[in-house]
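The values are calculated or read from the model by the stated rules, or taken from the named source; none is laboratory data. This one's a predicted model, so the numbers in the text were calculated from it and none came from an experiment. Cβ atoms come from the backbone with ideal geometry, glycine included; neighbour counts cover every protein chain shown.
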Amino acid sequence: MNNNPLLGQVLGGLFGQAMRSRGMNRGGVGGGLGGTGGGLGGALGGVALGSVLAGMMRGRAQGGSIGVPGGQHPYGNRTALLVMLLPLAMRWVQRNGGMNAVVDKFRDKGLHRQAQSWMSSGDNDPIDGQAVEQVVGREELRQMAERLGVPEEQVAQAFAEIMPEMVDKMTPDGQLPHEADEVLDESTRKLEKEIEDVQYREVHS
């Protein structure tokens with residue numbers, strides 16, 4: 001189940017590129033944007049990723065405005081919030097022991113079936129914001145919300161959308177690779193740079 005195809009394509013492209021740079025050549029990673037050559041993270045390179053992120057952040061790709069208490073969503077749309085939260089979520093995974101440890105955290109909170117579905121082929125079983133709060137913790141969500149300037153519940157809901165996609169795109173063969181944390185680190189750094197570049201271009205355009 002993919003509520004936001006572009007989110008999955010961005011993650012698949014980032015992870016796919018990092019995997020290929022390590023000679024992993026894992027099947028099924030990174031397809032969707034970019035035609036031949038393995039998708040977004042393949043031959044297109046950073047310029048294409050930047051343009052996709054710019055479109056998502058401007059709200060052209062998907063979704064409309066999200067009303068929040070006190071006025072308009074600062075990023076204008078749900079997809080933009082996902083883009084801005086994504087590197088924070090990836091860094092949270094790194095701080096909490098990496099992909100294997102985080103998947104185990106979800107299992108330990110009674111979400112074993114959901115976590116297993118993210119790693120297997122087929123639809124990803126969804127989780128809700130309450131489940132995210134149990135695993136991530138309210139203080140972490142509060143800090144992310146303050147950084148992004150949105151309510152905590154919005155962050156929890158967006159995190160609930162990101163986490164299944166993150167695990168799904170990291171496990172095209174149904175299991176986490178040994179290099180999962182190295183792939184995550186490289187992908188996070190690339191995504192952070194691309195978002196920074198997009199924001200710079202937007203300000204100076």
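With respect to (1) under 24 Å from Leu111 (Cα atoms); (2) crowded, with 17+ Cβ neighbours inside 10 Å; (3) at pLDDT below 95, the lone exception for Val198 is condition (1). Condition check for Phe159 on (1) farther than 22 Å from Met24 by Cα; (2) without any contact (Cβ under 8 Å) to a residue 60 or more places away in the chain: one failure, at (2). Among the residues making up segment 14-38, those that are modelled with pLDDT of 55 or more, under 22 Å from Met56 (Cα atoms) and out of contact with any helix residue (DSSP H, G or I) (no Cβ under 7 Å at 6 or more places or on another chain) are Gly16, Gln17.
Yes/no per residue for (1) within 17 Å of the chain's Cα centre (by Cα); (2) closer than 19 Å to Leu53 by Cβ; (3) acidic (Asp, Glu):
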position: Arg113; (1), (2), (3): no, no, no
position: Val136; (1), (2), (3): yes, no, no
position: Gly149; (1), (2), (3): no, yes, no
position: Ala160; (1), (2), (3): yes, no, no
position: Pro164; (1), (2), (3): yes, no, no
position: Pro177; (1), (2), (3): no, no, no
position: Leu184; (1), (2), (3): yes, yes, no
position: Arg189; (1), (2), (3): yes, yes, no
position: His204; (1), (2), (3): no, yes, no
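Every condition in (1) within 28 Å of Met19 (Cα to Cα); (2) surrounded by fewer than 18 Cβ atoms within 10 Å (Cβ to Cβ) is met by Lys109 except one, and the failing one is (1).
Which of (1) surrounded by fewer than 17 Cβ atoms within 10 Å (Cβ to Cβ); (2) assigned to a helix (DSSP H, G or I) is the odd one out, the single condition Gln175 does not satisfy? All conditions are met except number (2).
Need pairs with beta-carbon distance below 8 Å; first residue part of a loop (DSSP other than H, G, I, E, B) and within segment 117-142, second of a type in the set (A, V, I, L, M) and surrounded by fewer than 16 Cβ atoms within 10 Å (Cβ to Cβ); sequence gap 6+ or separate chains. Between residues of segment 117-142 that are part of a loop (DSSP other than H, G, I, E, B) and residues that are of a type in the set (A, V, I, L, M) and surrounded by fewer than 16 Cβ atoms within 10 Å (Cβ to Cβ), the close pairs are Asp123/Met1; Asn124/Met1; Asp125/Met1; Pro126/Met1. Here is the figure for segment 118-141: residues that are surrounded by fewer than 18 Cβ atoms within 10 Å (Cβ to Cβ), polar (S, T, N, Q) and in contact with a Ser or Thr (Cβ under 9 Å, 6 or more places away or on another chain) total 1.
Would you check if there is a residue in segment 103-111 being at pLDDT 95 or above, closer than 27 Å to Leu53 by Cβ and of a type in the set (Lys, Arg)? Within segment 103-111, none of the residues are at pLDDT 95 or above, closer than 27 Å to Leu53 by Cβ and of a type in the set (Lys, Arg).
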